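The values are calculated or read from the model by the stated rules, or taken from the named source; none is laboratory data. Just so it is clear, the structure is predicted and the values come from calculations on it, not from any experiment. Ideal geometry is used to build each Cβ from the backbone, glycine not excepted, and the neighbour counts take in all protein chains shown.
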């Protein structure tokens, strides 16, 4: 007797993570990362302080196949500090892999702006608090005066002020 087929509740839709998983794996394997967790959870693996000043670039395997080299990108001023932490970085990364996959850590340094691979955006830029002229702010407030929710009204007023200030410049 055949069992009835389970009806799918997703109706043909898939999670975004499942759609991107093969592409992420392919891209990371091209750079030598067999375990993508090292890239996606870098701050958790290595520690927040180190993650703010460094990012993993590639894992390369030598000709003899005995251990790999992890290349880490940092700015020039942070390189001496990372040089002293090489052994700590290697231990943390090997704990992520679950075995002694990494035998060496290589520090690569670059300027904050430069080559395509040398982008050093380790932390998001701080938010800039814009102040608008009183005329623009009052016009934006007038557009959102009929909204009942205070939070929504203030958000719409801020959006209106940004739009109005962009039109004038």
Matching residues in the range 57-84 - criterion: being within 13 Å of residue 107 (Cβ to Cβ) and without any contact (Cβ under 8 Å) to a residue 24 or more places away in the chain:
77, 80, 84
Is one or more of the residues making up the range 37-48 surrounded by fewer than 17 Cβ atoms within 10 Å (Cβ to Cβ), outside any helix (DSSP H, G or I) and either at pLDDT 85 or above or over 18 Å from the mean Cα position of the chain (by Cα) (or both)?
yes
Answer with yes or no whether residue 137 is more than 30 Å from the chain's Cα centre (by Cα) and modelled with pLDDT of 85 or more.
yes
Of 62, 67, the only residue that is modelled with pLDDT under 85 and surrounded by 13 or more Cβ atoms within 10 Å (Cβ to Cβ) is 67
